[in-house]
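Peer 1: Take a look at the following structure, please.
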Amino acid sequence: PAPVVYGEGSRPPRGDYARDGLVLADYTCPQNYAAYTAQDHDTYRQLFDRQSALVPGLACDEFIAALPLLGVKDRIPRFEEINARLTPATGWEVVAVPGLIPEVPFFTLLANRKFPVTDWIRTPEEMDYIVEPDVFHDLFGHVPLLFNPVFAAHMQAYGAGGLKAHGLGACEQLSRLYWYTIEFGLVRQADGLRAYGAGILSSSGELQHSVRSPEPQRLALDVTRCMRTRYKIDSYQQTYFVIDSFQQLFDLTAPDFTPLYAQVQTLGELAADARNAGDTLVSLA
Ligand code: PHE
Ligand code: FE
């Protein structure tokens, strides 16, 4: 068949991992900036405006401090523009991918301080909810904290730890830690609970819910407890895990997980809303 050339106004289908051979062996691809339509840029602008208005008092200080470093707010940024600031700050680099990628290439990129960002953006119908990560979730949710040296070091350690977990058949357990920290984590600051997880920071509904609602349970992060806990992918979380600082997250996850994975196997799974002996509840306010 004739090769398809993507350019002005012609977008590659979501999750096209072939793209005329443009996707490399490490699953990265060009950002394909010319393919964004005026509507795509407008969607980004609307999402950015809405979400940045919500973060005061709900997102952690480090996130709020770094958000301006994403640069332009009225269109989808070029990844090179972000890298010009990010790489000098922490050695991290944003790279484009066509969508979710398999575990090993994902962990390998993180271990090399490369953060994979999906290059396409949701449709206007998906403004409030999208089932898979798009460029807004990945940039707004994940990238600001990569400017923080401690969080940046933690993300790299997570990548290296992922490769190790893969060898041990423990990816599911490790992915629960990712979910409850990097995606849905809360941090206790001097002035109260705040969000640092990307899934919360990029969601208009869950940002408020996770930080303020009396409904979910909030537990002090315990790595074993966290890796035993199943999670919801189609509703707000019923349990959030709370850290005191990124340094604490780094320190709690620094030990060798090999014995923990075995322990988690023995202890077994817990439901997303389970209460368990030994849980340390974190109260609101
Ligand atoms: N310390 C973990 C291990 O040895 C790796 C890891 C680091 C996992 C940071 C998550 C976050 O397996
Ligand atoms: Fe994410």
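The values are calculated or read from the model by the stated rules, or taken from the named source; none is laboratory data. Quantities reported herein were computed from a predicted structural model and do not represent experimental measurements. Glycine gets a Cβ as well: all are built from the backbone with ideal geometry, and neighbour counts include every protein chain shown. In case anyone asks, the SASA skips ligands and DNA or RNA and just uses the protein heavy atoms, side chains included. Shrake-Rupley method; radii C 1.70, N 1.55, O 1.52, S 1.80 Å.
Peer 1: Among the residues of segment 217-231, write down those that are over 22 Å from residue 284 (Cα atoms) and either away from ligand 1 (no atom under 14 Å from the Cβ) or polar (S, T, N, Q) (or both). Quick ask: steps written out before the conclusion?
Peer 2: Of segment 217-231, the ones over 22 Å from residue 284 (Cα atoms) are 224, 227-228, 230.
Of everything in segment 217-231, those that are over 22 Å from residue 284 (Cα atoms) and either away from ligand 1 (no atom under 14 Å from the Cβ) or polar (S, T, N, Q) (or both) turn out to be 224, 228, 230.
Peer 1: Kindly list, by first and then second residue, each pair from a residue in segment 251-262 that is closer than 11 Å to residue 227 by Cβ to a residue that is within 16 Å of ligand 2 (Cβ to nearest atom) and open to solvent by 70 Å² or more (accessible area, probe 1.4 Å), limited to pairs with Cβ atoms under 7 Å and residues at least 6 apart or on different chains.
Peer 2: Filtered contacts from segment 251-262: no entries.
Peer 1: Residues of segment 134-155 being within 11 Å of the chain's Cα centre (by Cα) and more than 15 Å from residue 31 (Cα to Cα), which ones?
Peer 2: 137, 140, 141, 142, 143, 144, 145, 146, 155
Peer 1: From 138, 119, 61, 74, grab the single residue that is at pLDDT 95 or above and either more than 23 Å from residue 40 (Cβ to Cβ) or buried (at least 22 other Cβ atoms within 10 Å of the Cβ) (or both). If you could, list the steps in order and put the result at the bottom.
Peer 2: Numbers: 138 fails: either more than 23 Å from residue 40 (Cβ to Cβ) or buried (at least 22 other Cβ atoms within 10 Å of the Cβ) (or both); 119 fails: at pLDDT 95 or above; 74 fails: either more than 23 Å from residue 40 (Cβ to Cβ) or buried (at least 22 other Cβ atoms within 10 Å of the Cβ) (or both).
Within the list 138, 119, 61, 74, the selection yields 61.
Peer 1: Turning to a different aspect of this structure: Which one is nearest to residue 107 (Cα to Cα), of the residues in segment 20-57 that are in contact with a Leu (Cβ under 8 Å, 6 or more places away or on another chain) and of a type in the set (A, V, I, L, M)?
Peer 2: Applying the filter and picking the extreme gives 55.
Peer 1: Kindly indicate which of 160, 220, 190 is in contact with a strand residue (DSSP E or B) (Cβ under 7 Å, 6 or more places away or on another chain) and open to solvent by 20 Å² or more (accessible area, probe 1.4 Å).
Peer 2: Working: 160 fails: in contact with a strand residue (DSSP E or B) (Cβ under 7 Å, 6 or more places away or on another chain); 190 fails: in contact with a strand residue (DSSP E or B) (Cβ under 7 Å, 6 or more places away or on another chain).
Criteria check complete, one pass: 220.
Peer 1: All but one of (1) in a loop (DSSP other than H, G, I, E, B); (2) away from ligand 2 (no atom under 16 Å from the Cβ); (3) open to solvent by less than 20 Å² (accessible area, probe 1.4 Å) hold for residue 254; which doesn't?
Peer 2: It fails just one condition, (3).
Peer 1: If I go through segment 93-115 residue by residue, how many of them are basic (Lys, Arg) and either part of a loop (DSSP other than H, G, I, E, B) or open to solvent by less than 60 Å² (accessible area, probe 1.4 Å) (or both)?
Peer 2: So the first thing to find is which residues in segment 93-115 are basic (Lys, Arg), and the list is 113-114.
Checking which are either part of a loop (DSSP other than H, G, I, E, B) or open to solvent by less than 60 Å² (accessible area, probe 1.4 Å) (or both) leaves us with 113.
Looking only at that region, the number is 1.
Peer 1: Only one of these conditions is not met by residue 131: (1) at pLDDT below 95; (2) among the hydrophobic types (A, V, I, L, M, F, W, C); (3) buried (at least 21 other Cβ atoms within 10 Å of the Cβ). Which number is it?
Peer 2: Among (1) at pLDDT below 95; (2) among the hydrophobic types (A, V, I, L, M, F, W, C); (3) buried (at least 21 other Cβ atoms within 10 Å of the Cβ), the lone unmet condition for residue 131 is (3).
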